[in-house]
Structures are given as structure tokens and as C-alpha cells.
Amino acid sequence: MTQEKELHRYYARLRTKFIAIIFFIAFIPLILLGGTTYYHYSATVKEKIRKELKLIAKNRKDTIDLFLNDRANSLSVLAYTHTFDYLGKKENLHNVFQLLKMVDSAFQDMGVINSNGKQVAYIGPYHLTGKQYSQTEWFKAVMKKNVYISDVFLGFRKVPHFIIAVKRIENGKPWILRTTIDINMINHFMCTALLGKHGADAYILSREGTYQISTADNDLILTKSEFKMPSVFRGIKEMEGCHGEKALICAIAWLKNNDWLMVIEQDLKYELSPMVRVKNTALSIFIISSLIIIISTILITKRVFARLEKVDREKSQLSEQLVRSDRLAAIGKLASGIAHEINNPLAVISEKAGWIGDLLTEEDVKNSPNYSELIKSTEDIKKHVKRGKKVISRLMGFARKEEVVYGNVDINSVLDETHDFLNKKAIYQNIAIMKEFHEDLPSIVTDGAQLQQVFINIVNNAIDAINKDGVIRLITKGRDGGVLIAIADTGPGMPEEVQEKIFNPFFTTKPVGKGTGLGLSTSYGIVEKLGGHLTVESEVGKGTTFYITLPPSCEQKTKG
Ligand SMILES: Nc1ncnc2c1ncn2[C@@H]1O[C@H](COP(=O)(O)OP(=O)(O)OP(=O)(O)O)[C@@H](O)[C@H]1O
Ligand SMILES: [Mg+2]
């Protein structure tokens, strides 16, 4: 029993190890493959988004720079091909402006400002002739430089705009030709950078970080942005997590001689959403295949290991039976030798005791005062010799290889006889022997007389174990063409250490002189000889059941 439990524990441990190894072998490559594929795929997609963004940014930077330079050049050409006096006249300025408007719609108005900052001529939608600009930032700036492109400002008209102004010195006196540029043109360039994608924004900031253009919200214009202004650099830079937003990726570039910073943002989360879909699909596939691996591994391993364990158990049971049979045979030989040797002296002692008894009946001895004592002693000798003979006869019974007498045996009727034989004794001890027979039990080819001995031994043991008040059930069932007999009692049961020894010859828990310990070992030998098996199941406090399985015919088995 303990051995079986140990075997079961051993296989359970082995199975757990096996499952762990299979999981390790199956999952490590799966995780590695999935992980690296996802990593490379996401890196490639991100790289593609970055490159695309950089390209758009470069394109927009070139377009806007070109646009501003073109307008500044056109204005310079006008200033240097016309005099202050000429353009200072409104009708001349009007003609020139109309010509310019025909080829370029970006110009919104045009003005000529003298060296004192006064606008002497103005063509445009507002009434700005005579306006004084000497205190404005842009006037001061254009007097310093020859060409000046302003930041976006509200000015007199209170509408965001920016200007391009060109200074010309004529006869030692400076004058300025100034025009207003429609910011919608630049806005339009920026909008095309967005490619209409969700969550994206493109805007231009002044050096101080003030919005010049915003595609997302016109109200932001001239408000301060939170963008951390970088130092001046050449070309295009791109970065992840612009102004603290992890999900944003942006490309930045300095425009207009490093006065404006162009920012084009893309929402990385949105751009990567196809990748997230791929990730989710891959994850679902991973989970499903993991479940399949786990379930099939556990099921297959369980089945294979159960089969292995069964085969192993059967093997160890078989070898245990072989060892037991060998031991029984050896002990049997020894016992028959001893029995034979003791039987002869016992016969002599018995005969001599009889003769002494006869002699004591003679006249003179009869009168001896010790006559009755002597008679009692000879009776005692005879009684003990008889008991010795009984033990020897059992020993001989155990040792003797009685020939098997085959015949068609109806196990139910053999058990019936056992019942009749022992029922009186059982009733006396208030024990009920119940018969639970399978009615259509096949008759088998075996030795009925020897089986009877086995049943009597087992039922006798059960009666002894119960001692008083209890039940013994005699159960029969068909099994694989043969018969299964169970003899169950409601006795005290046996602890495991007793169960392990009960089939050993001379093992008994009964007091000296009461049991020889040969009943079960003899029975075991008989059942094995008849091609069957004798096993036991017992639980302390509940009872004991002996199982005897018998084949349909023991002839082939024993002959084989
Ligand atoms: N049904 C049972 N319930 C509890 N213990 C049992 C039962 N059957 C057998 N045993 C135990 O097994 C021991 C061995 O039994 P076995 O029949 O071989 O010898 P015995 O009954 O002691 O002696 P003998 O059969 O020679 O009178 C018994 O002493 C008893 O301890
Ligand atoms: Mg017994």
C-alpha cells in the first residue's frame, strides 16, 4: 500500500516536471518570436512615420521660405525700380499695386513711408494714409536692416497679419516700401502638412514662442505656446513626446532666417493604431495557442503517465507476487521437513504414553497414593501430543502441494457451503453472514475443494476479527469471463504495517496457541496456484475486504 502511494507520488512529481519542461520549451520560443517580431515591426513603423514627417517638414520649410523670399524680392525690385516721388503718389502706387496683385494675390495692401515714419501713400482696404509708424517695432527694425519680414501682429487694423518692408536710400534719405501679407496663405501651406490625419497639428511660433499660425485653432494666434523653444539649428529635427505629450511625435525647423519655428505634430497613438491592432491579434493568437498547448499538454501527459503508472504498478505487483510465491515455496519445503521429523517422535511419545496408561491400570499400581496423579499426567501428555499433531498437520497442509483437481465449479454454491459450515459459529457470536451473489455467475474450471478451504480461512478470520456483533458479506461478480469474490467484514480493520505482513507464513496477531499464522499464506498459495489473485483492502475502524479474482479456467494458466 505504502509502496503504491510512493509510486503514485513519484509519477505525480515526474508529471509536474514533464509539464513544466514542455511549457518551458513551448513558450520560450513563442514569447521570443512574438516579442522580437513585435519590437522590430514597431521600430520599422515608427521609423517610417518619422521619415515621412521629416520629409513633410522639409517640404513645408522650403515652400514657406521660398514664399517669403519671393515676396521680399518682388518688393525690393519695385522699390529699386521706382523712386520715392513716383510711388509717393497714390495713383502711381495704385497702378503698381494693381499690376502686382494680378500676378500675386498674397499682397493685401501697399504703403510708402518716409524717413520720419509717416505713410505718405497707401493702397489697400483700410484708411491708413498719413499714419505714423515711427514708434512701431517693425519701423525701427526695417531702418536697421534693408529687408524686414515682421512677426504676426494686430497693428492698427486689429487683425493678425504680418508685413514685409524694404528700405531704399535715395539721395541720402531712406524711405520704405511696405506690404501686408495674408497669413492665410501660410496657413494653407501648413494645413497641407497635416495630410488630414487625426490628432495632428501644425503651427509656427515666433522666437518668443508666440503662435504665428495655428492650423488647429485660429484663436491661439498671438497667444503664448507651451512649447519649449529649442536653440537655433539647421535643417529638420524630429522628436518623440513633444511638450510632455508622450503620444506626440513632431518635426521642427527654423524658418525666416531663424525667426520662426515651424512645428508639425503627429499623434503617434493614432499613427500606430494599425500596429496596436496587429499586436492585439497577435496577443489573441498567443493566448489561444497557449491555452491549446496547456490543455493538450496536461491531457496528453495525464493519460500517458496514468498508463505508465499502471504498467509500473502491475509490474511491481507481479514481481511482489513472484517473490511471495518463491518465499512460500521455500518455507513450505522447510516446514514439510520439520513436520516430518517431529511427527515420528510425537507418534512414539503418544504410543508410549498410552502404554504407560495401560500399565498403570495393573493392581499394585492402582493402590499407589499417586495413582490418580499419574493417570492425569499421561492424559496431559496425550492431550498436548494431540495439539502438536494438529499444528504439524496444518504445517503439512501448508507445505503440501496438493494436486489440483479441476472441475466445473459454481462459485456461488461453494460459498453457500462455506456459509452453511460457519453460520452456526457466526450466529453464536451475533454475526450475520449475508450472501450478495450475482445470479448468472459463469461457472469456471477450477478446484472447488481447495477454494472452499480459502473461503473458510477468510471467513473464519473475519469472525475472529469481529468477535461479536457484526456483518460479513459474501459478494460475487463476473469479471473478464472469470469471477470476482469479495468477502467484506465490519471488523476493526488493519493498520498498513499489519496489512503488509498478513500473507507471510506464521504471521499472526492472535495469542500463542490460538493462531498459527498459516491461514492466509496457505490461501494465497492456493489462489495463485489456481491462476487467480488474492488482495486485501482494509481501513482501521471500518473493516476489511478480501478480493479473490479467478480466471474462467485455471488450466491453461497453470500449465503455461
Ligand atoms: N478479517 C480480518 N480482520 C482483521 N485482521 C485480520 C483479518 N484476517 C486476517 N487478519 C490478520 O491476519 C493475521 C493472519 O491471519 P492468518 O489467517 O494467516 O493467521 P491466523 O488467523 O492468525 O491464524 P490461523 O489462521 O492459523 O488460525 C491474523 O492474525 C489477523 O491479525
Ligand atoms: Mg486464520
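The values are calculated or read from the model by the stated rules, or taken from the named source; none is laboratory data. Because the structure is predicted, anything quoted here is derived from the model rather than measured. Counting neighbours? That spans all protein chains shown, and the Cβs are built from the backbone with ideal geometry, glycine included. Protein only, heavy atoms only, side chains kept; ligands, DNA and RNA dropped before computing areas. Shrake-Rupley method; radii C 1.70, N 1.55, O 1.52, S 1.80 Å.
Brief remarks follow.
- In this structure, ASN69 qualifies as of a type outside the set (D, E, K, R) and either closer than 19 Å to ASP182 by Cα or not assigned by TED's automatic domain parsing to the domain that holds THR136 (or both).
- Test: PHE507 is in contact with a strand residue (DSSP E or B) (Cβ under 8 Å, 6 or more places away or on another chain), within 15 Å of ligand 1 (Cβ to nearest atom), part of a loop (DSSP other than H, G, I, E, B) and of a type outside the set (Ser, Thr, Tyr): no
- Within region 307-319, being exposed (fewer than 14 other Cβ atoms within 10 Å of the Cβ) and without any contact (Cβ under 8 Å) to a residue 60 or more places away in the chain holds for ARG307, LYS310, VAL311, GLU314, LYS315, LEU318, SER319.
- Selection count where residues are within 19 Å of PHE84 (Cβ to Cβ) and part of a loop (DSSP other than H, G, I, E, B), scope region 143-152: 2
- Number of residues in region 506-549 that are within 16 Å of ligand 2 (Cβ to nearest atom), open to solvent by 20 Å² or more (accessible area, probe 1.4 Å) and farther than 23 Å from LEU484 by Cα: the value is 11.
- Qualifying residue in region 128-142 (condition: charged (D, E, K, R), in a helix (DSSP H, G or I) and open to solvent by 20 Å² or more (accessible area, probe 1.4 Å)): yes
- Every residue from region 448-473 that is touching a Phe, Trp or Tyr at 6+ places or on another chain (Cβ under 9 Å) and either of a type in the set (Asp, Glu) or away from ligand 1 (no atom under 13 Å from the Cβ) (or both): GLN452
Results for (1) within 30 Å of VAL263 (Cα to Cα); (2) among the small types (Gly, Ala, Ser); (3) free of Cβ contacts under 8 Å to residues at least 60 places away in the same chain; (4) in contact with a Cys (Cβ under 9 Å, 6 or more places away or on another chain), shown as yes or no for each residue.
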position: ASN69; (1), (2), (3), (4): yes, no, yes, no
position: TYR80; (1), (2), (3), (4): no, no, no, no
position: LEU93; (1), (2), (3), (4): no, no, yes, no
position: GLN119; (1), (2), (3), (4): no, no, yes, no
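- Residue list for region 259-276, restricted to those being of a type in the set (Gly, Ala, Ser) and either open to solvent by 50 Å² or more (accessible area, probe 1.4 Å) or in contact with a strand residue (DSSP E or B) (Cβ under 7 Å, 6 or more places away or on another chain) (or both): none
- Members of region 168-195 found to be in contact (Cβ under 8 Å) with a residue 60 or more places away in the chain and more than 25 Å from LEU55 (Cβ to Cβ), listed by number: ARG168, GLU170, LYS173, TRP175, ILE176, LEU177, ARG178, THR179, THR180, ILE181, ASP182
- Pairs, first on the phi > 0 side of the Ramachandran plot in region 489-509, second part of a loop (DSSP other than H, G, I, E, B) and near ligand 1 (Cβ under 9 Å from one of its atoms), C-beta under 8 Å, six or more apart: PHE506/THR516; PHE506/GLY517; PHE506/LEU518
- Test: residue in region 456-465 that is at positive phi and not polar (S, T, N, Q): no
- Which listed residue, of ALA347, ALA330, is of a type in the set (Gly, Ala, Ser), closer than 23 Å to PHE507 by Cα, free of Cβ contacts under 8 Å to residues at least 12 places away in the same chain and assigned to a helix (DSSP H, G or I): ALA330
- Criterion applied to LEU78, LEU66, LEU53 was being surrounded by fewer than 15 Cβ atoms within 10 Å (Cβ to Cβ) and not β-branched (Val, Ile, Thr), and the one residue passing it is LEU66.
- Test: residue in region 390-400 that is open to solvent by less than 80 Å² (accessible area, probe 1.4 Å), within 59 Å of the chain's Cα centre (by Cα) and either at pLDDT below 85 or farther than 23 Å from GLY332 by Cα (or both): yes
- Test: residue in region 511-528 that is touching a Gly at 6+ places or on another chain (Cβ under 7 Å) and within 9 Å of ligand 1 (Cβ to nearest atom): yes
- Elements of type strands (runs of 3 or more DSSP E) contained in region 208-257, each with 3 or more residues being on the phi < 0 side of the Ramachandran plot and open to solvent by less than 30 Å² (accessible area, probe 1.4 Å): 211-214, 248-255
- Among the residues of region 277-300, the ones that are loosely packed, with under 11 Cβ neighbours inside 10 Å and either of a type outside the set (Ser, Thr, Tyr) or within 15 Å of LEU32 (Cα to Cα) (or both) come to 8 in all.
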